[in-house]
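Rule-based calculations on the coordinates, nothing more; no lab input. Just so it is clear, the structure is predicted and the values come from calculations on it, not from any experiment. Backbone-built Cβ (ideal geometry, glycine too); neighbour counts: all protein chains shown.
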Amino acid sequence: MRTPRALGAHLTAALTAGLLLGACTAGPSAPETGRPGSRTADASAAESPTANATVPESTRAAPTTEGRPAPTSSAPKPAPKPAPDPASIEALIATQYEGGNLRLGAERGSTDAYRQYYATYESNGLTISGRINIPRGKGPFPAVVLAHGYVDPAAYTNGQTMLRERDYLARQGYVTLHIDYRNHAQSDRDPRNDANLRGGYTVDAINAGLALKKSQVVDPDRVALIGRSMGGGVVYNALVVRPGLFRAAVAYAPVSSDSVDNFNKWVRRDASRSGAARAVIGRLGTPEAKPAAWAATSPRTYFGRITEPLLIHHGTVDEDCPLSWSQESVAALEAKGKDVELRIYPGGRHTLTSPQWDTSIRRTEAFLDKHLT
């Protein structure tokens, strides 16, 4: 059960920051160096006996018809397995995550229920910005990583989206870390991200969960993930890549769990993203010609790895992500025996409005209460 908030208690910014920084301000884990790779075998052979050396008769090699020893047969060494494509789920699974170093910046937007700070954390060599709400009162608290939907990175500003979810859940006693992703706001840049089907956003969400778990104000056993729209795709990816990291997950109006649907709608037919489309097709081929390669980039292919319960909210008249996408994802999850629930909102558009949004967030709260206690 969540730790009750002590309403009206005054916790100074310095004390809150001290709690966080006591466990979170150590420098990021240094990336591994000198990782073992394929070693080249020593090509030098032992010297042969000299011609005038005495060799016992019983140990002499039988001569061939040409008077030379017969060659020793050996099985050919298997070719090394090629590295997975950087846009694939296998590449994300193989990644060693190094999230941590959660730091608080300026306090702004605080309320009587929580303190809000600009925040940064480390994500495999990149610094990612975001906003964090910390309930007033005594922790440690349960926590939620919030993965936002698509906003043009050139126009996006720190903590721009998911304000309703952040405010509501922080008032219910959750630490909420809204992440900006790489290439957004004050986050570091990753020029390869689009060509890698934005897989870096999944890396950032996973590392945000790891960073929260190292914070003294967060209960490391009670961390969840919530994403909307594009962030719903981040939810799917994170669950298959790092099962067990989050206790539960929620997706609002998520994109498709089949990456071909998303690629065709938002990349392949968008002239402004033609460079990213060419880069991906140049490596993977077209979805029509290379369906197996594209299946390897889709979280749906790996749904069997998921261990966490998942709640999905979706409106019937969503203008961006059709309801059928979530229905297909749910069918695929149920076929694997996964714990998934789909809540449908008649007449609901891509961004739910009240009173439907109010219903959805209460259902989200009840879902988190059930699975994070």
Listed by chain and number, the lysines with an alpha carbon less than 21 angstrom from that of Lys81, same-chain partners under 8 positions apart left out, are Lys290
Sequence order, segment 311-325: Karplus ³J(HN,Hα) from phi using 6.51 cos²θ - 1.76 cosθ + 1.60, θ = phi - 60°, Hz rounded, Gly and Pro as x, gives 10, 10, 10, 7, x, 6, 10, 4, 7, 10, 10, x, 4, 4, 4
Quick calc, segment 293-373, dipole around Cα centre from Cβ unit charges on Lys, Arg (+) and Asp, Glu (-), nearest 20 debye, gives 200 debye
Computed about the Cα centre, the charge dipole of segment 152-223 from +1 Lys/Arg and -1 Asp/Glu charges at the Cβ has a magnitude in debye, to the nearest 20, of 120 debye
Label model pair Asp152, Asp221: point-to-point distance (7 angstrom along the Cα→beta-carbon line) in nm is 4.8 nm
Ranked output for segments 131-143, 268-280 by mean other Cβ atoms within 10 Å, highest leading, reads 131-143, 268-280
Cβ-Cβ cut-off under 12 Å around Ala253, Lys and Arg +1, Asp and Glu -1: the net charge is 0
Karplus-derived 3J(HN,Hα) from phi for segment 119-127 (6.51 cos²θ - 1.76 cosθ + 1.60, θ = phi - 60°), whole Hz, x at Gly and Pro, runs 9, 9, 8, 9, 9, 6, x, 10, 9
The rounded separation in angstrom of the Cα centers of segment 300-316 and segment 84-119 is 21 Å
If the label point sits 7 Å along Cα→Cβ of Arg189, residues of segment 122-144 with amide N under 17 Å come out as 126-129
With no solvent term and unit scatterers on the alpha-carbon positions of segment 267-373, Debye gives log₁₀ I(q)/I(0) at q = 0.10, 0.18, 0.19, 0.21 Å⁻¹ of -0.43, -1.03, -1.07, -1.12
If amide H atoms are modeled at 1.01 Å from N in the peptide plane, then the residues at a separation of 5 or more from Gly348, or on another chain, having amide H under 5 Å from its own are Thr316, Val317
The answer for Ala147, listing residues at least 5 apart or on another chain whose modeled amide H is closer than 5 Å to its amide H, is Ile226, Gly227, Arg228
Burial-style ranking of 325-338, 240-253, 198-211, average other-beta-carbon count within 10 Å with highest first, yields 198-211, 240-253, 325-338
With a ≥ b ≥ c from the Cα gyration tensor eigenvalues, square-rooted, and the rule rounded for a/c under 1.5, otherwise prolate when a/b > b/c and oblate otherwise, segment 99-188 is prolate
Whole-Å distance linking the alpha carbon centroid of segment 212-289 with that of segment 128-198 is 15 Å
Applying the gyration tensor rule to the Cα atoms of segment 248-294 (axes a ≥ b ≥ c; rounded if a/c under 1.5, else prolate if a/b exceeds b/c, else oblate), the class is oblate
Zone reached by a paramagnetic label modelled 7 Å from Lys370 Cα along Cα→Cβ, restricted to segment 229-249 with backbone N below 17 Å, covers 247-249
